[in-house]
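Comments concern the structure below.
The values are calculated or read from the model by the stated rules, or taken from the named source; none is laboratory data. What you are looking at is a predicted structure, and each value in this text was computed from that prediction instead of being measured. Because the Cβ atoms are built from the backbone with ideal geometry, glycine has one as well, and the counts that use them run over all protein chains shown.
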């Protein structure tokens with residue numbers, strides 16, 4: 001599980017299911033870095049509206065070809081799409097975290113993420129963008145108008161199940177992730193946190209408004 005920087009459902013990617021749903025970047029840690037209000041850097045998926053007209057048009061065409069995840073997508077479905085995306089990045093020369101994959105018993109490794117890596121291998125990330133899964137609309141702050149309220153409920157759920165975390169927001173008040181309340185982190189194991197995260201994500205973001 002990636003603990004620093006914290007990743008939100010909108011950015012989603014690591015062992016936690018929210019990140020798996022987002023193929024992040026969460027895990028999908030492919031958005032631009034943005035400073036949260038408490039000074040912790042988080043990653044957030046960029047909104048198409050933030051780009052220029054030509055950029056937005058190109059992004060829309062690419063997005064129309066990207067696989068779309070759903071709230072009820074199975075772990076097997078998510079992993080299959082993640083593996084296809086990561087295999088594309090690997091084929092284009094992006095360094096893979098093979099050690100972590102070996103420890104997890106995964107056949108396809110995920111890349112090393114970070115601003116420097118993404119800048120250095122930008123052509124590869126651009127070439128594989130069409131294979132990068134789109135998050136469920138409910139987990140996309142640019143699409144879901146209730147995202148931050150539901151994220152707040154999600155964090156409350158996490159804490160109710162022993163996670164010991166708090167929500168981070170950007171300057172616009174949009175939730176961009178969570179971080180532990182102190183250096184001790186959570187008393188729960190990674191496997192337990194994964195189960196808690198999965199349960200709270202479904203419980204908090206499946207509510208219809």
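The table for this structure:
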quantity	calculated
Lone qualifier among 82, 38 - being on the phi < 0 side of the Ramachandran plot and at pLDDT 50 or above	82
Contacts under 7 angstrom Cβ, first residue in the stretch 171-189 being farther than 20 Å from residue 152 by Cα, partner part of a loop (DSSP other than H, G, I, E, B) and modelled with pLDDT of 95 or more, 6 or more apart	187/162; 188/162; 188/163
Which numbered condition residue 167 misses (of (1) more than 22 Å from residue 70 (Cα to Cα); (2) at pLDDT below 95)	(2)
Failed condition for residue 176, given (1) over 17 Å from residue 195 (Cα atoms); (2) part of a strand (DSSP E or B); (3) at pLDDT 95 or above	(3)
Single condition residue 194 does not satisfy, out of (1) touching a helix residue (DSSP H, G or I) at 6+ places or on another chain (Cβ under 7 Å); (2) in a loop (DSSP other than H, G, I, E, B)	(2)
Tally, over the stretch 167-189, of residues that are on the phi < 0 side of the Ramachandran plot and loosely packed, with under 13 Cβ neighbours inside 10 Å	7
